[in-house]
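Below: the structure, in structure tokens.
The values are calculated or read from the model by the stated rules, or taken from the named source; none is laboratory data. Just so we're clear, the structure is a prediction, and the values are computed from it rather than from any experiment. Neighbour counts are summed over all protein chains in view; Cβ atoms, including those assigned to glycine, are modelled from backbone coordinates with ideal geometry.
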């Protein structure tokens, strides 16, 4: 397996395991996850909306004591958020499902235009303590990466806005 270091020094496998469509068989899913780890894969991408994905990944990693050997990315299901309390509610539920007290990468799922970002801003996402930690990019925080989006201009606007909000002057990574 080949690896690359991210900006915070985490050594990630160049191949990750996407957890969107696990088999229906728990035994087969367990074999896939453990074979991936044995093959050097240490990055697992899941999401709140992937059916049973977070729960089964968390269960298998806990059962085999592999959580500290891998990096987990999951995503805020922002379309389900109706108020600012939902941000923490969903995140805490995801931690419970994953059987962990942290995630390595936390993204905003499928945000694709500025209107969606504005809707999140109206709900108060920029005031969330964890978003400010996210943009601070400090090692050891529960939240350690930037939100994902598919439109570069949107990403740039969000990045510059958060830099300003958090009093940072960092470039885009």
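Observations on the model:
Conditions (1) under 30 Å from residue 32 (Cβ atoms); (2) at pLDDT below 90, marked per residue:
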site: 57; (1), (2): yes, no
site: 70; (1), (2): yes, no
site: 106; (1), (2): yes, yes
site: 113; (1), (2): no, yes
site: 137; (1), (2): no, yes
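- Residues within the range 61-105 that are at positive phi and either crowded, with 18+ Cβ neighbours inside 10 Å or in a strand (DSSP E or B) (or both), tallied: 0
- Number of the condition not met by residue 82 [criteria: (1) farther than 26 Å from residue 39 by Cα; (2) modelled with pLDDT of 95 or more]: (2)
- Test: residue in the range 78-89 that is out of contact with any strand residue (DSSP E or B) (no Cβ under 8 Å at 6 or more places or on another chain), without any contact (Cβ under 8 Å) to a residue 12 or more places away in the chain and farther than 26 Å from residue 124 by Cα: no
- Residue ID - surrounded by the fewest Cβ atoms within 10 Å (Cβ to Cβ), chosen from residues in the range 106-116 that are free of Cβ contacts under 8 Å to residues at least 60 places away in the same chain and closer than 12 Å to residue 81 by Cα: 116
- Only one of the numbered conditions (1) exposed (fewer than 14 other Cβ atoms within 10 Å of the Cβ); (2) in contact with a strand residue (DSSP E or B) (Cβ under 7 Å, 6 or more places away or on another chain); (3) modelled with pLDDT under 95 is violated by residue 40, and that is (3).
- Among the residues here, residue 29 qualifies as farther than 20 Å from residue 76 by Cα, buried (at least 18 other Cβ atoms within 10 Å of the Cβ) and either out of contact with any helix residue (DSSP H, G or I) (no Cβ under 7 Å at 6 or more places or on another chain) or in contact (Cβ under 8 Å) with a residue 12 or more places away in the chain (or both).
- Residue check for residue 39: at negative phi and more than 17 Å from the chain's Cα centre (by Cα): yes
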